[in-house]
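Some notes on the structure that comes next.
The values are calculated or read from the model by the stated rules, or taken from the named source; none is laboratory data. Here the structure is a predicted model, which means the values were calculated and not measured. We place every Cβ from the backbone using ideal geometry, glycine too, and count neighbours over all the protein chains shown.
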Amino acid sequence: MNDFLHNLEPKGVWHYFSEILSIPRPSKKEEKIVAYLDAFGKKHQLETLRDAIGNVLIRKAATKGFENKQIIVLQSHIDMVCEKNSDIAHDFENDPIETHLVDGWIKAKGTTLGADDGIGVAAQLALLAATDIEHGPIECLSLWMKKRA
């Protein structure tokens, strides 16, 4: 469905963006993407914290020799605005986002793409998963748009 994304550079970013597109994440219903981020952190043996609202913080320790560098903090939100064309049957709570390439642009097929910060989350995950980049401490915060009490 979104296989062409895996041929784009940088590969890590587009790999994670493709995975994010498969996870329903309408505003105020981000449980599935939060679970995905939790699993990602565990898989990569990174400190992963979640608050009562559902915000996720993933920390990556500095590369040896870079421990005294300033912490880099990246922040994004994990929900997406869900709009679709009237002729499209799409359930934003269950269906993945389908994409295609149009004149060099990635577009969704009849729905919103969710790239406004989906690509931000993908960039964070690619950085957290990378093993070939020297860096100071990194913290990636993914915000849930759940109504605050």
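Observations on the model:
- Subset of the range 47-61 [modelled with pLDDT of 95 or more, hydrophobic (A, V, I, L, M, F, W, C) and surrounded by fewer than 17 Cβ atoms within 10 Å (Cβ to Cβ)]: 49, 61
- In the set (1) modelled with pLDDT of 95 or more; (2) on the phi < 0 side of the Ramachandran plot, residue 7 fails one condition alone, (1).
- Boolean, residue 77 is farther than 19 Å from residue 15 by Cβ and in contact with an Asp or Glu (Cβ under 9 Å, 6 or more places away or on another chain): yes
- Selected residue (criterion: surrounded by the fewest Cβ atoms within 10 Å (Cβ to Cβ)) from residues of the range 85-121 that are over 29 Å from residue 38 (Cα atoms) and in contact (Cβ under 8 Å) with a residue 12 or more places away in the chain: 87
- Positions within the range 1-13 being within 17 Å of residue 132 (Cα to Cα) and surrounded by 13 or more Cβ atoms within 10 Å (Cβ to Cβ), in sequence order: 12, 13
- Evaluating residue 24 against the criteria (1) farther than 13 Å from residue 78 by Cα; (2) in contact with a helix residue (DSSP H, G or I) (Cβ under 7 Å, 6 or more places away or on another chain) leaves one unmet condition, (1).
- All positions within the range 45-76 that are under 15 Å from the mean Cα position of the chain (by Cα) and either more than 16 Å from residue 143 (Cα to Cα) or free of Cβ contacts under 8 Å to residues at least 60 places away in the same chain (or both): 48
- Every residue from the range 62-84 that is surrounded by fewer than 17 Cβ atoms within 10 Å (Cβ to Cβ) and in contact with a helix residue (DSSP H, G or I) (Cβ under 7 Å, 6 or more places away or on another chain): 74
- Residue identified as closer than 27 Å to residue 103 by Cα, assigned to a helix (DSSP H, G or I) and modelled with pLDDT of 95 or more among 36, 16: 16
- Residues of the range 45-84 satisfying the condition of being over 18 Å from residue 34 (Cα atoms), of a type in the set (Asp, Glu) and in contact with a Ser or Thr (Cβ under 9 Å, 6 or more places away or on another chain): 83
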